[in-house]
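As structure tokens, the structure follows; a few thoughts come after it.
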């Protein structure tokens, strides 16, 4: 592998783990840990701890928990909200660890970009699920969750085996994300406004003439 290919592979792994962390952090850790522990991948020094059996077991357990919770409409949104404080910093840390033993400035830059990418993918995932949860049927939620799980696995596999292709796909994803996030935000505001009017109307209907001020 030439120097350019090595650089591209490092970038793909660095951005790949950050991108995956924003969607399903535990799947990303579990995949890297299993690949490292089975000898199918040489983890960078700072990520070799992921191959520890204790870390793999913890990631596997949390992956199962998230796999179940992520398919319950409404509960998944609460889970995503909580993981705003977990996925983003974890994505930054994994990105920093993935660059290997290099200049500290590069490590910091990787953490900054990785954290930003993890935040973007997390916001896209969370916002999409809020819109989907507005539908009364649960099937679309299950399908979205399964697609996300498959995308993380396929994305990391592509980053490791076809880094050039992954970078091209990642750029396309970032462009799509930039276009999609404002639309998601407008959709979420409409949903909350609808429920606000709904509950507000409900409270108004409950008032009787005796309850009105001045009576």
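If residue 5 satisfies every condition in (1) more than 18 Å from residue 115 (Cβ to Cβ); (2) in contact (Cβ under 8 Å) with a residue 24 or more places away in the chain; (3) buried (at least 18 other Cβ atoms within 10 Å of the Cβ) but one, which is the exception? Condition not satisfied by residue 5: (3). Residues of segment 42-84 that are in a loop (DSSP other than H, G, I, E, B) and surrounded by 16 or more Cβ atoms within 10 Å (Cβ to Cβ): 43, 44, 70, 71, 72, 73, 83. The combined condition, being touching a helix residue (DSSP H, G or I) at 6+ places or on another chain (Cβ under 8 Å), free of Cβ contacts under 8 Å to residues at least 40 places away in the same chain, within 16 Å of residue 93 (Cα to Cα) and outside any loop (DSSP other than H, G, I, E, B), is fulfilled by residue 30. Taken together, the residues in segment 81-100 that are within 16 Å of residue 126 (Cβ to Cβ) and in contact (Cβ under 8 Å) with a residue 60 or more places away in the chain amount to 5.
Among the residues of segment 101-111, those that are under 19 Å from residue 49 (Cα atoms), over 20 Å from the mean Cα position of the chain (by Cα) and without any contact (Cβ under 8 Å) to a residue 24 or more places away in the chain comprise 102, 107.
Every read-out reported here was derived from the displayed coordinates using simple, explicitly stated rules and does not represent laboratory data. Note that this is a predicted model, so its numbers are computed, not measured. Glycine gets a Cβ as well: all are built from the backbone with ideal geometry, and neighbour counts include every protein chain shown.
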